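Right, one structure below, let's go through it.
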Amino acid sequence: MDKRKLPKGFIEVEEAVELIKSNTFDKPTVDIKKLANSLDWIEVNHNFAIKKMRLITKEEYAEKLKQFPGRRPSELISLGVVTVTLRSAYEVELLKKAIRDNYREVSGRMFDPKNTRGVTTVMDQESGGGARPRSSKKTIAKEGDLIGSGSTSTTNSADSAGV
């Protein structure tokens, strides 16, 4: 595709891969942890936003400490967002591979996604009776368990927990 036809803020997949590959521990260009946790949202015929980042300077760190006493500032400063449009399954897998490879290089370990979520909408008197989704204090379901197979003891509901 001709670069002149891309909207402002959009880059090609190859440029996105090069941006991710240029990320290092000492000189970050992207927030690789956030990208790795967003792998499920990289899909064909969708846009994917990549935040460009840089390290905070000592002066900026001291200023943030004064501005928000008692809170540790983030070491990464956002430089804006670039967006990539993924048009094929090949481009999706290319971007995912670049993210996984860079995560492994920067962190020194493979990315291990956590897909089990302890979220419930069951009302409980302890929290005031609200029914909005919230994280469970203790997740009963484990990674790989089949939920909803007829037995209510494998769910995260307050009813099966005896509340």
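Taken together, the values in this text are just the output of simple stated rules run on the coordinates, not laboratory data. In this text the structure is predicted, and so the values were computed from the model without any measurement. Positions of Cβ are backbone-derived with ideal geometry, glycine not excepted, and every protein chain shown enters the neighbour counts.
For the pair Lys33 and Glu14 in one chain, pulling the backbone fully straight at 0.36 nm per residue adds 4.8 nm over the alpha carbon distance. Cβ-Cβ distance of Leu146 and Ser74, R₀ of 45 Å, FRET efficiency by 1/(1 + (r/R0)^6): the value works out to about 0.70. Positive end of the dipole of the range 1-104 (Cβ unit charges, origin at the Cα centre): among Pro28, Val92, Val13, the Cα lying farthest that way belongs to Pro28. The shape of the range 1-62 comes out prolate: with a ≥ b ≥ c from the C-alpha gyration tensor, a/c is at least 1.5 and a/b beats b/c. Between Asn47 and Lys21, the FRET efficiency from the beta-carbon distance, with R0 = 22 Å, is close to 0.60.
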